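Trainee: The structure is given below, and queries will be raised subsequently.
The values are calculated or read from the model by the stated rules, or taken from the named source; none is laboratory data. Since the model is a prediction, treat every value here as computed from it, not as a measurement. As a convention, Cβ positions derive from the backbone with ideal geometry for all residues, glycine included, and neighbour counts pool all protein chains shown. Accessible surface is based on the protein model in full, side chains and every heavy atom, while ligands, DNA and RNA are left aside. Shrake-Rupley method; radii C 1.70, N 1.55, O 1.52, S 1.80 Å.
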Amino acid sequence: MPTVYVTRRIPENGPDLLREHFTVRQWDSDDVIPRDVLLREVQDADGLLSLLTEPINDEVLDAAPNLKVVANLAVGFDNFDVPALTKRGVVGTNTPEVLTDTTADLAWTLLMAAARRIVPGYKYVIDGHWKTWGPLLLMGQDIHHATLGLIGVGRIGAGMARRAQGFSMRVLYYDVFRREDLEEELGIEFADQETVLRESDFVSLHTPYMPATHHLISHDQLKMMKNTAVLVNSARGPVVDPDALYEALRDGEIDSAGLDVTDPEPLPADHRLLTLDNCLVVPHIASASYETRAAMSQLAAENIVAVLSGKKPPTPVNPEVVEAQGLQ
Ligand code: DGY
């Protein structure tokens, strides 16, 4: 029976499915698996169910001579060295589609919460400062009829555009791929990145993380933004330069930020971004609903079952390996 290793506690439906077919071992903890344990545990593994906290690179692949598939419990797979997987004929998979709306819901929540001072307002109340209705108290930015700028308009970016329709917003987008289908469907407008940054009241990031998107938002880009603008990042932390963001928020170059992802991640509790009232940070929870995390667990397991049964996995990230191996 093939062996599958699961690198964290995850919703049980995925491991349950794996146990129907394989010998399954698991890092039975909510903490990151120590690297030496992972390297030891993969030695006899045919399949690996990994998280975005585990770099899957030559080191892991060298330690795992039997490995045929690595299924990431995430849509993003910047923790994969894809060429290294492909070179060895190991199929990599991710979990797209199942988390799109849940992630867009959270990005939208951050947008609204940052714009309307929800966390400072809550702190104000629990700190006992609420003495009267205040005409100047905790004023924020209007969302309705404002302009939303999307940097990246894949599935989650398109989900943001759909939500924006309910708020009568104008939506601008920049993407390396022009999406005329979405322009027609959602009335969104393509513009170059600088125009999106200059004209938007809200800028929401939806790009994958790769060398080309490292610190895509840094000093120059933040300076282009309106000083009333809100920045939302639910993509990957290093897409934003944290030092530039700190200075822009501190100096009022932009209004506020809502971050699901940070650089570094986790963000230490004494990080200077957390000293700012206009920076709202949550701990990378955009896909964290019960239903969606179960769907991610299921899809990751289905990818492993497929490959180890000689079948085409639902969501490979290196389809050329699937094809080369004739998986159908
Ligand atoms: C992903 O899927 O890439 C998220 O960051 C975690 O759900």
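Trainee: Can you find even one residue in the stretch 193-203 that is open to solvent by 20 Å² or more (accessible area, probe 1.4 Å) and within 22 Å of Ile118 (Cα to Cα)?
Mentor: Yes, that holds for at least one residue.
Trainee: Of the residues Pro208, Pro242, Pro238, which is open to solvent by 40 Å² or more (accessible area, probe 1.4 Å), within 27 Å of Val75 (Cβ to Cβ) and not assigned by TED's automatic domain parsing to the domain that holds Leu52?
Mentor: Every option except Pro208 fails the conditions.
Trainee: Something else: Within the stretch 107-143, how many residues are of a type outside the set (A, V, I, L, M) and either within 31 Å of the chain's Cα centre (by Cα) or open to solvent by less than 50 Å² (accessible area, probe 1.4 Å) (or both)?
Mentor: Selection size over the stretch 107-143: 14.
Trainee: Let me ask you something else. Going by the conditions given, is Thr228 of a type in the set (S, T, N, Q), away from the ligand (no atom under 16 Å from the Cβ) and open to solvent by 60 Å² or more (accessible area, probe 1.4 Å)?
Mentor: no
Trainee: So which residues in the stretch 145-177 are open to solvent by 90 Å² or more (accessible area, probe 1.4 Å) and either in contact (Cβ under 8 Å) with a residue 40 or more places away in the chain or part of a loop (DSSP other than H, G, I, E, B) (or both), if there are any at all?
Mentor: Once the filter is applied, which keeps residues that are open to solvent by 90 Å² or more (accessible area, probe 1.4 Å) and either in contact (Cβ under 8 Å) with a residue 40 or more places away in the chain or part of a loop (DSSP other than H, G, I, E, B) (or both), the stretch 145-177 yields His145, Arg155, Arg162, Val176, Phe177.
Trainee: Filter the stretch 309-328 down to the residues that are touching a residue at least 12 places away in the same chain (Cβ under 8 Å) and farther than 24 Å from Arg155 by Cα, then identify the one that is least open to solvent (accessible area, probe 1.4 Å).
Mentor: Checked the stretch 309-328; the qualifying residue least open to solvent (accessible area, probe 1.4 Å) is Val321.
Trainee: Please count how many residues of the stretch 218-241 are under 17 Å from Leu276 (Cα atoms) and in a loop (DSSP other than H, G, I, E, B).
Mentor: The qualifying residues number 4.
Trainee: Give the stretch 4-47 a look and list any residue that's within 18 Å of Pro65 (Cβ to Cβ) and touching a residue at least 60 places away in the same chain (Cβ under 8 Å), or say none.
Mentor: Of everything in the stretch 4-47, those that are within 18 Å of Pro65 (Cβ to Cβ) and touching a residue at least 60 places away in the same chain (Cβ under 8 Å) turn out to be Val4, Phe22, Asp46, Gly47.
Trainee: Residues of the stretch 50-74 being under 17 Å from Leu18 (Cβ atoms) and away from the ligand (no atom under 14 Å from the Cβ), which ones?
Mentor: Listed by number, the residues that qualify are Ala64, Asn66, Leu67, Lys68, Val69, Val70.
Trainee: Still on this model: Looking only at the stretch 7-49, how many residues end up being under 25 Å from the mean Cα position of the chain (by Cα) and away from the ligand (no atom under 16 Å from the Cβ)?
Mentor: Residues in the stretch 7-49 being under 25 Å from the mean Cα position of the chain (by Cα) and away from the ligand (no atom under 16 Å from the Cβ): 14 in total.
Trainee: Right, something else. For the stretch 242-328, list the helices (runs of 4 or more DSSP H) that sit wholly inside it and hold at least 2 residues that are within 16 Å of the ligand (Cβ to nearest atom) and under 24 Å from Thr207 (Cβ atoms); which are they?
Mentor: Output list reads 290-308.
Trainee: Here are some residues: Ala295, Ala286, Ala306. Which one is farther than 18 Å from Val4 by Cβ and either out of contact with any helix residue (DSSP H, G or I) (no Cβ under 7 Å at 6 or more places or on another chain) or of a type in the set (D, E, K, R) (or both)?
Mentor: Ala295
Trainee: Here is a follow-up. Could you give every pair whose Cβ atoms fall below 8 Å, whose first residue belongs to the stretch 297-308 and is among the charged types (D, E, K, R), and whose second residue is at pLDDT 95 or above, counting only separations of at least 6 or pairs across chains?
Mentor: Pairs that qualify, where the first residue is among the charged types (D, E, K, R) and the partner is at pLDDT 95 or above, are Glu302/Leu17; Glu302/Pro313; Glu302/Pro314.
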